[in-house]
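The values are calculated or read from the model by the stated rules, or taken from the named source; none is laboratory data. All figures in this text were calculated on a predicted structure; none of them were measured in a lab. Here the Cβ is made from the backbone with ideal geometry for all residues, glycine too, and neighbour counts use every protein chain on show.
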Amino acid sequence: MASAAKALVRDHIERRRSERLPVRVTLLVCGRSAGKGSFKEETVTLSINSHGALMALAANVAIGQRLLLMNPQTWDEVEARVSRLAALHDERTQVAVEFAHPAPQFWAIGRQRYEPSPTRDTVSNHVLEA
């Protein structure tokens with residue numbers, strides 16, 4: 001029985017479309033809770049990838065439900081669909097979401113713009129050529 005479970009885990013891992021990174025990103029999640037109307041909740045991701053994220057939410061969500069995620073670091077928004085739910089030890093639920101289209105830029109990982117400053121040689125060559 002244990003080997004069957006290991007095979008299922010291995011198959012699940014092999015189906016992943018992009019590498020999962022254990023990165024914490026603050027998000028604002030907006031959606032509608034059944035019977036409670038709309039909600040906005042700030043949370044932190046447990047892991048991310050180009051196709052979605054894993055997070056903990058206090059809001060009551062359902063598999064297949066559409067959510068709007070906003071990254072307050074960049075103000076980018078992306079629509080996501082709840083793909084998996086799991087109970088946590090507190091009042092929150094572990095929620096896996098997937099994006100409609102891959103969106104690696106949403107996470108703003110390594111978004112620092114590198115603009116090299118001109119060196120003395122570059123400036124003098126440029127002046128000489130002009």
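Structure values in brief
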{"item": "Number of the condition not met by Arg32 [criteria: (1) part of a strand (DSSP E or B); (2) modelled with pLDDT of 95 or more; (3) out of contact with any Lys or Arg (no Cβ under 6 Å at 6 or more places or on another chain)]", "result": "(2)"}
{"item": "The range 50-103 - residue that is in a strand (DSSP E or B) and either free of Cβ contacts under 8 Å to residues at least 24 places away in the same chain or in contact with a Cys (Cβ under 6 Å, 6 or more places away or on another chain) (or both) and, of those, surrounded by the fewest Cβ atoms within 10 Å (Cβ to Cβ)", "result": "Ala87"}
{"item": "Whichever residue in the range 35-49 is exposed (fewer than 10 other Cβ atoms within 10 Å of the Cβ) and part of a strand (DSSP E or B) and, among such residues, is farthest from the chain's Cα centre (by Cα)", "result": "Gly37"}
{"item": "Checklist (1) modelled with pLDDT of 90 or more; (2) hydroxyl-bearing (Ser, Thr, Tyr); (3) over 16 Å from the mean Cα position of the chain (by Cα) applied to Tyr114, failing item", "result": "(1)"}
